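Heads up: the structure comes next, in structure tokens.
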Amino acid sequence: MMVPGFLYFIINNYIPMAGLVIAFKNVNFAKGIWASDWVGLKNFEFLFATKDAWVITRNTILYNLAFIVIGTSFAILIAILICDMRNKKFTKLAQNIVILPSLISMVVVAVLAYAFLSTDAGVINKLLEALGMEGVNWYNTPGAWPFILVLVYLWKNAGFQCVLFIASIVGISNDYFEAARIDGATKWQQIRYITLPLIKPTIIMVVVLALGKIFYSDFGLFYQVTRDTGALYSTTNTIDTYVFRGLTKLGNVGMSSAAGFYQSIVGFVLVLVSNLAIRRSNKENALF
Amino acid sequence: MKKWKRFLAAAVAGAMLLAMTACGGKETDSKDEGGNGEETVNITMTFPILNAVPQDLDKVEAKLSEIAKEKYNCTITLQPLGFADYVSQAPLILAGSEDIGLMIHFDPITNYSSMVSSGQVNDITELLEEHAKDVIDTVGEEYLSACRVDGKLYGVPTMHDLATGYGVVMRTDLLEKHKIDVSNIKTMDDLDAVFQVIQEKEPDISPMFTGGAAMNPADAIMKSTADTLGDGYGVLMDNGQEDTVKNYFESDEYRAYVDKVYSWNQKGYLLPDSDSIQDTYSTLFRANKIFAAFMTTKPGQVEQDERNTGLDLTLVELAEPLSMTTLVNGIQWVVPIGASHPEKSVEILNLLYTDAEFLNLLNYGIEGEHYVLGENNQISLPEGVTADTSAFNWSIAYQSGNEFLCYTWDSDDPELWKQTEQYNEEAEKSSAMGFTFDNSKVANEITAVTNVCSQYRVGFENGALDPAKNMEQFLADLKTAGIDTIIAEKQAQLDEWKKAR
């Protein structure tokens, strides 16, 4: 029974790993990958050659931390609210509504965002003008973007994430809540002392898996939604967009796989470290 | 049920086996060259276009294939990409193993010296000698030499205008409506008065579009006043007559340009959010959004844009044409390394440089259907068809091969090609004409500088960033990214090249 799954992983995840050698080669297309010259760590230099390395690493990590913390809390909140709905028909409707955005492509999301933020015809600027205030040139205001991007992220992803939490909340036996109500526990106390502790394993799993991807940024979010505007790079440039931008111009495969390699190593270490930390405090909650 | 399933499985397996043997057969057949039973080879040609992909592409493709099939036993697939798409697609095509037979290298979207040093394109020196002697004779050694790297050829320059000036085009109808006289406009400063009138009287249209995010708008002015020596990171100022390589972004010329553009944006003359707009000026002209735009100039430029936009346009030149290596080797047909039949690709070049019928078909479509031939080898759109409704309308003569063999539009001067030849001869030539920069030693610095430039340049050059606040930071970032290392390397290579001459 395991064979198909196994084959899938070998073909799609393990065989391509041989390509990692590209990161250490000066790829010459005429010679082919294997015959190209080895260059050691030279391909990695460009990542650290400028202060860009600091800006993109900071942006990538901070955004992902914000997404993990705010995104997960928000998803739990929605899950709890949806589970507490009495009207079953409305529950279904609400679930569908929150999941819908995650089915939309980032390119479409970017257009929607532009409809809100465009300088001359955007919804927000029209509102501001109607209120007698001056419109803001959003695509030229780097300071606003951490908030805009987090908002867009929540709108798009929270609905999908909350499905996991809904599943585990539904799995909690109703007896606990009944007993709590009889003892006079408030709604907040029920959430604080019953729901949250019982879905803790799910939360930890979600967070640990997200930590493994902390060095990857959602390319569509950072490239499309910002419309690749240069003025916003200081707050929106992440490792993925940086690499994409620099290398689509040069077309150097060696450098792009070096960046990819660097990303996966840091991600791997982060998963190991966070899992170790969790195992120290509570063995049962650890992933492995 | 079970039997039926088994039958189906057997049928699928059989079909797959057939398909596999068919593929295998094709491979071996096409490899043995010259035999009479040779299989027809398909050559895919990819290049950037300014307009949308024309409706009748398939029809024209079929006709092109007819000619190619008869002469070289090839079929042709055209794969045109919009300019903004070409920017992101071309490097990926080069890095992949897609079977593209011929591709346009279009500076600065793709970089010739990177392509050559990383082996992304085929060395076609010998193939040209063997299969396309006519191409070598037609293009001439003077221009081919600008494309040689260590004596080897990796591409063939298309024959077009080889110098570029700089100017601004404006809508003639609005100029006349508001009685604006453009004869006195000599510099960018003179444009303010015009834009002011348009802003007051035509509130629904933006007076000016600098170029948007698809390309760096100042490239046009840079190329007509300095030799960019390939990538523009380190240039020869004063029309390429200076000996020292300098940083263009530090120059007074660049500062004056960005200051001006910023002041225009402050006054509301520019199309809003220009720095994130990917559309080309011809699309925006058509959409009735802008009154004027910057552009590079050449003989017949206005007529070409009029056909693209369907509007009457007036050109005001702001800088005299200049010729340099990058313009000669800046648009070339190259044979990507993924091409399965490089020798066939080179044979197709014969058609592109010496076969008028093939060229006209590629450029203008089918006679009688997409154009009508009139006097003096000039053509016009069929009756009732406009630039907007034409099913095959693109202006790619300059990148199709030998444009001097093509027809001209009846709106063009009948002597257009003669004028172009004269223009090429008369244009001022950079002192580094023929020099190609090999950037392989400074690849890290180029990546870093490219990133800095993409952060600031589009913003500055579309008037979105305030130079007074940000210019210092831009220049400092360029220094940290290593632009001085690139300039020093360029200077060293240039000095050596000059000595060798």
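The values are calculated or read from the model by the stated rules, or taken from the named source; none is laboratory data. Keep in mind that what you see is a predicted model, and the values were worked out from it rather than measured. With ideal geometry, Cβ positions are generated from the backbone for all residues, glycine too; neighbour counts draw on all protein chains shown.
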Some residue of region B:406-415 being part of a helix (DSSP H, G or I), out of contact with any helix residue (DSSP H, G or I) (no Cβ under 8 Å at 6 or more places or on another chain), at pLDDT 85 or above and surrounded by fewer than 20 Cβ atoms within 10 Å (Cβ to Cβ): no
Selected residue (only one of A:LEU209, A:LEU196, A:LEU221 is part of a helix (DSSP H, G or I), more than 14 Å from every other protein chain (Cβ to nearest Cβ) and surrounded by 21 or more Cβ atoms within 10 Å (Cβ to Cβ)): A:LEU221
Which listed residue, of A:PHE268, A:PHE288, A:PHE244, A:PHE177, is within 19 Å of the chain's Cα centre (by Cα) and either away from every other protein chain (no Cβ under 14 Å) or modelled with pLDDT of 85 or more (or both): A:PHE268
Residue satisfying all of: in region B:106-156; assigned to a helix (DSSP H, G or I), small (Gly, Ala, Ser) and away from chain A (no Cβ under 14 Å); nearest to B:PRO48 (Cα to Cα) among these: B:ALA146
Enumerated helices (runs of 4 or more DSSP H) restricted to region B:253-366, each holding at least 3 residues that are farther than 26 Å from B:ASN111 by Cβ: B:281-286, B:301-309, B:342-354, B:356-364
Of all residues in region B:96-108 being surrounded by fewer than 22 Cβ atoms within 10 Å (Cβ to Cβ) and of a type outside the set (D, E, K, R), the one that is farthest from B:GLY232 (Cα to Cα): B:SER97
Within region B:431-469, tally of residues that are surrounded by 19 or more Cβ atoms within 10 Å (Cβ to Cβ) and assigned to a helix (DSSP H, G or I): 21
Qualifying residue in region A:199-219 (condition: under 27 Å from B:PHE460 (Cβ atoms) and within 21 Å of the chain's Cα centre (by Cα)): yes
When residues of region A:31-60 are limited to those that are part of a loop (DSSP other than H, G, I, E, B), at the interface with another protein chain (Cβ under 10 Å from one of its Cβ atoms) and at pLDDT 75 or above, the one farthest from A:PRO146 (Cα to Cα): A:LYS31
So A:ILE70, is it in contact (Cβ under 8 Å) with a residue 40 or more places away in the chain and more than 11 Å from chain B (Cβ to nearest Cβ): yes
Cβ-Cβ under 6 Å pairs, at least 6 apart or on other chains, region A:227-243 side of a type in the set (S, T, N, Q), far side part of a loop (DSSP other than H, G, I, E, B) and buried (at least 24 other Cβ atoms within 10 Å of the Cβ): A:THR236/A:THR226; A:THR238/A:SER217
Residue match in region B:244-259 (condition: within 25 Å of B:VAL197 (Cα to Cα), crowded, with 18+ Cβ neighbours inside 10 Å and either under 22 Å from the mean Cα position of the chain (by Cα) or not acidic (Asp, Glu) (or both)): yes
Top-ranked residue of region A:105-154 - restricted to ones that are in a loop (DSSP other than H, G, I, E, B) and among the aliphatic types (A, V, I, L, M), ranked as farthest from A:TYR233 (Cα to Cα): A:LEU131
